[in-house]
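Structure first, commentary second.
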Amino acid sequence: MTGVVVLDNGGGLIKAGHGGDLDPTAVLPNCLLRPLSSKKFLHPDPLGSHSTAALDLTSAAVRRPIDRGYLINADLQRDIWAHLFTSHLRVSTPSSCLLLTEPPFTLPSIQRATDELVFEDFNFKSLYVADSASLVHLYEASTSPQGLVSKAQCSLVVDCGFSFTHAAPVFQNFTLNYGVKRIDLGGKALTNYLKELVSYRSINVMDESFLMDDVKEKLCFVSLDVDSDLQLARKPGQDNVFRCSYVLPDGVTFTKGYVKDPEAAQRYLNWTDESHSTSGGTIIDVEKPESAEDRKRIDLTKNEFDLTNERFLVPEMIFRPADLGMNQAGLAECIVRAINSCHPHFHPVLYESIILTGGSTLFPRFAERLERELRPLVPDYYQVKITTQQDPILGVWRGGSLLASSPDFEAMCVTKAEYEELGSARCRRRFLR
């Protein structure tokens with residue numbers, strides 16, 4: 001069998017590698033960058049590489065081929081893929097198969113553009129298109145052979161990605177399209193909301209997408225009791241366990257921003273919902289670090305800003321999109337609607353096998369908050385069990401790698417000859433898309 005290239009083509013990150021491997025060969029942003037120091041757009045290096053760490057992305061311009069989850073610039077995507085296949089994967093595309101991920105509800109015109117890229121521009125030998133939910137289900141079923149997902153062959157995959165959030169029921173490795181529900185809110189919208197909050201309260205960061213992504217990933221968390229935490233966030237000084245400072249890069253000593261005091265940023269973990277309820281609304285003293293006064297003072301020689309309630313108000317939008325003016329249900333209600341769209345026989349199994357994947361599920365306490373929101377909406381005689389993937393960012397790719405290594409994979413693909421004879425629309429029927 002020829003080599004299989006597994007490509008999880010996300011709106012934020014591309015995960016690419018060879019079928020059968022445990023981890024992808026390259027994980028890199030799906031975009032082109034133009035730093036202030038450059039006159040042309042550059043290809044970003046894989047995450048974690050030394051050159052990426054040294055590159056100053058302050059106010060960098062960004063061009064993305066995918067907007068709101070769908071391909072809008074095929075020429076740009078072609079450039080990014082060409083660089084990926086030649087410089088990182090080093091594969092010969094005419095002798096390789098491609099397993100490609102695609103979001104639900106993709107328009108036929110976008111599917112045709114994708115097929116043209118694969119077969120006409122890169123001349124891949126064959127293609128298989130999968131959605132992320134079925135790949136996540138496959139991976140979770142294989143890693144836990146004795147678990148409910150594997151035995152019942154049924155699960156509900158909640159994918160909180162860069163562009164939007166899907167709740168998709170899966171049965172026997174097939175996504176039930178009639179039950180898929182979507183919230184038009186993902187990591188990009190959360191970063192934009194954080195940029196607006198910080199720009200309004202502290203310093204203009206509307207052009208700092210990569211910097212605010214870092215702030216969101218390092219400092220934001222999900223609140224278990226929003227009303228109590230909002231009251232606590234109004235406290236001055238060290239009584240406010242949410243207050244922390246983020247230092248902006250100066251372009252000379254530091255090209256990346258950093259958290260001023262990581263220990264202080266984690267103090268909120270000492271606070272649980274029980275702390276609020278047992279204190280009766282009063283604040284329990286938290287042991288103050290030695291240098292509390294020094295940390296409270298802002299160094300005016302550095303560009304830095306404080307975060308308090310922004311830390312939990314940003315992820316809160318996933319549970320309450322109406323607070324952003326969106327006429328859409330929150331994540332808990334979205335899950336209930338997705339399950340109610342399925343046959344009643346599926347309901348008990350789906351509620352007990354909810355799988356979280358996607359980068360936006362990495363916020364601390366995400367699964368716990370979702371279970372608290374979900375429990376009042378679910379009948380008492382159903383159990384609710386939520387599982388977060390071991391690595392939510394790579395979970396889809398690992399499922400694709402597993403599928404690509406199966407002996408039946410080659411027969412599932414559409415070959416280039418079939419594409420040229422039958423066209424895109426006929427070939428897509430094989431993928432039930």
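For this structure, a couple of remarks:
- Residue match in the stretch 72-81 (condition: open to solvent by 30 Å² or more (accessible area, probe 1.4 Å), in a strand (DSSP E or B), among the hydrophobic types (A, V, I, L, M, F, W, C) and within 19 Å of residue 102 (Cβ to Cβ)): no
- Any hit, the stretch 208-216, residues being farther than 28 Å from residue 47 by Cβ and over 17 Å from the mean Cα position of the chain (by Cα): no
- Cross-chain or 6+ apart pairs with Cβ under 8 Å, the stretch 319-344 first and more than 13 Å from residue 166 (Cα to Cα), then aromatic (Phe, Trp, Tyr): 324/193; 341/178
- Condition met for residue 36 (exposed (fewer than 14 other Cβ atoms within 10 Å of the Cβ) and over 23 Å from the mean Cα position of the chain (by Cα)): yes
- Of all residues in the stretch 143-155, at least one satisfies being over 30 Å from residue 79 (Cα atoms) and assigned to a strand (DSSP E or B).
Every residue, every condition in (1) at pLDDT 95 or above; (2) under 30 Å from residue 153 (Cα atoms); (3) crowded, with 18+ Cβ neighbours inside 10 Å; (4) among the aromatic types (Phe, Trp, Tyr), yes or no:
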{"site": "297", "(1), (2), (3), (4)": "no, no, no, no"}
{"site": "308", "(1), (2), (3), (4)": "no, no, yes, no"}
{"site": "321", "(1), (2), (3), (4)": "no, no, yes, no"}
{"site": "345", "(1), (2), (3), (4)": "no, yes, no, no"}
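- Taken together, the residues in the stretch 178-204 that are modelled with pLDDT of 90 or more and in a loop (DSSP other than H, G, I, E, B) amount to 4.
- Residue count, the stretch 194-224 (criterion: open to solvent by less than 60 Å² (accessible area, probe 1.4 Å), within 13 Å of residue 247 (Cβ to Cβ) and out of contact with any helix residue (DSSP H, G or I) (no Cβ under 8 Å at 6 or more places or on another chain)): 3
- Search result, residues across the stretch 150-177 that are open to solvent by 20 Å² or more (accessible area, probe 1.4 Å) and more than 18 Å from the chain's Cα centre (by Cα): 150, 151, 152, 153, 171, 172, 173, 174, 175, 176, 177
- Residue 356 falls short on exactly one of the conditions (1) surrounded by fewer than 16 Cβ atoms within 10 Å (Cβ to Cβ); (2) modelled with pLDDT of 95 or more, and that condition is (1).
- Residues that are within 14 Å of residue 396 (Cβ to Cβ) and either in contact with a Phe, Trp or Tyr (Cβ under 6 Å, 6 or more places away or on another chain) or β-branched (Val, Ile, Thr) (or both) within the stretch 166-185 comprise 170, 175, listed in sequence order.
- Just one of the listed residues (67, 75) is within 30 Å of residue 177 (Cα to Cα) and free of Cβ contacts under 8 Å to residues at least 12 places away in the same chain, and it is 75.
- Only a single item in (1) in contact with a His (Cβ under 9 Å, 6 or more places away or on another chain); (2) open to solvent by less than 10 Å² (accessible area, probe 1.4 Å); (3) within 19 Å of residue 13 (Cβ to Cβ) is not met by residue 191, and it is number (1).
- All told, residue 432 meets the bar of being open to solvent by 50 Å² or more (accessible area, probe 1.4 Å) and of a type in the set (A, V, I, L, M, F, W, C).
- Neighbours by Cβ (under 8 Å, 6+ apart or cross-chain): first from the stretch 409-425, more than 20 Å from residue 107 (Cα to Cα); second part of a helix (DSSP H, G or I) and open to solvent by 70 Å² or more (accessible area, probe 1.4 Å): 412/430
- Each residue in the stretch 93-121 was checked for being of a type in the set (Ser, Thr, Tyr), more than 21 Å from residue 181 (Cβ to Cβ) and not in a helix (DSSP H, G or I), and 1 pass.
The values are calculated or read from the model by the stated rules, or taken from the named source; none is laboratory data. What you are looking at is a predicted structure, and each value in this text was computed from that prediction instead of being measured. So basically every Cβ, Gly included, is an ideal-geometry build from the backbone, and we count neighbours across all protein chains shown. SASA here: full protein model, heavy atoms, side chains in, ligands and nucleic acids out. Shrake-Rupley method; radii C 1.70, N 1.55, O 1.52, S 1.80 Å.
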